[in-house]
Each structure stands twice: as structure tokens, then as C-alpha cells.
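This report refers to the structure that appears directly beneath it.
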Amino acid sequence: MTSTHPRRNAQVDFETGRITSLVGELVSVKPVPAGQAVSYGGEYVTDCDTVLGLVGMGYADGIPRSATGASVMIGCDVFTICGRVAMDQVVVDLGPESAVPAGSQVEFWGERMPVATLAEKAGVPEVALTSYVGPRVEAEIVARIETSEDMEALGTRFASELRAGDAVVLTGELGAGKTTFTRGLGAA
């Protein structure tokens, strides 16, 4: 079974609680002629024949409404957000010769696109971007644990955040620390 919802993912640093990456999905790609008005109010008008991509993320997911004109990374290329940032979508101009397919990952910030790039263009502090994602965004907490003692302590710390009915699924290679984590979780 496939989902009809676009992918919206964030990585969160376990120690700082800051969002270190925000990515979405290019849900559709469409060639449009020169002179085509785009997005709410038609404020952006294509100046030549081009290809536009629709990204299934918007201000409800943590993209500032003021991010029009900001850069995003798709594959190895940088593209520009055009038109208004809507609640659940943004439009990206992929250029007239684009072969970028629907389903591609769109990085708003992360490993290859610094959060400062979006913050500067949108006129918002970086901390505003790295402190919030909307409830539709799947957040993955990322931590690097060096010792088995630290892994057990993580389990103990994690236990304090659990509530009745929560489910915890641990996956990983043999020796990754699942049992050690569980030992700390159970002790707490």
C-alpha cells in the first residue's frame, strides 16, 4: 500500500533539540508557458517557458511565508521557490530544460543546504527555523552514542518521556545497542 501523503521529514539533534534538516517531496512537475501566473494572487509570472514543481510542504510545516525567492536543493541542483508560500505547498521553478521527476526529495536545509540560506532570504532568525516543524512532519531524533554506559543512560532518559500506550520500536545491526538501551529503559 502506498501513501497519498507527501513525505515531510525532519532530523532533530537529540542533545540540542534543534532541527538539523527539513526535507519534503516534489509531488508534481508541470511544464508551463511564458506569462503563466503562479500561486495565490498570481504574484509570480513565468518569464519564459519553464517547468514548475509542486512541493508538498508549506508554512504549516515550518517553511516561513516570507520564503518566496529562497533556494532549495533537489538532487545536486539549487532551485528557487516562486509564488507565495501556501499552508501546505510551495512552487519551485525547475527551469525550461528540467528533467527532475516527481517524487524527488527537496531539501529546505540540511546536510547540503545551510539553514542560514533560508533564514536570510526569509528574513527570520535561524533559531525560528530550527525550533519548529508542524505536526505533519515526521521527525527523526538523531544521536551519536559512544559507550554502552551512555546507551543505557539514554534508555533511562528516554523512559521519562514515555506515556501509557506509547510504542517503541528498536531496529539496527547486531551490537548497535538495542538491548543496552532496553536495559536502561526497563530500569527506569
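Quick check on my filter: what residues within the stretch 59-74 are within 16 Å of Glu25 (Cβ to Cβ) and either free of Cβ contacts under 8 Å to residues at least 24 places away in the same chain or in a strand (DSSP E or B) (or both)? Across the stretch 59-74, the qualifying residues are Val72, Met73, Ile74. Arg136 fulfils the conditions (1) in contact with a Lys or Arg (Cβ under 6 Å, 6 or more places away or on another chain); (2) more than 18 Å from Thr20 (Cα to Cα); (3) among the basic types (Lys, Arg) except for a single criterion, (2). Of the strands (runs of 3 or more DSSP E) lying entirely inside the stretch 8-58, the ones with 3 or more residues being surrounded by fewer than 19 Cβ atoms within 10 Å (Cβ to Cβ) and out of contact with any Pro (no Cβ under 7 Å at 6 or more places or on another chain) are found at 8-13, 19-32.
Considering the stretch 75-169, there are no qualifying strands (runs of 3 or more DSSP E) wholly inside with 2 or more residues that are of a type in the set (Asp, Glu) and surrounded by 12 or more Cβ atoms within 10 Å (Cβ to Cβ). Taking each residue of the stretch 13-42 that is at positive phi and looking for partners that are among the charged types (D, E, K, R) with beta-carbon atoms closer than 8 Å, six or more apart or interchain, yields Ser39/Arg84; Gly41/Arg84.
Each value in this text was obtained by applying a stated rule to the coordinates, not by laboratory testing. Everything quoted here is computed from the prediction, not taken from an experiment. In this analysis, Cβ positions are derived from the backbone assuming ideal geometry, glycine residues included, and neighbour counts consider all displayed protein chains.
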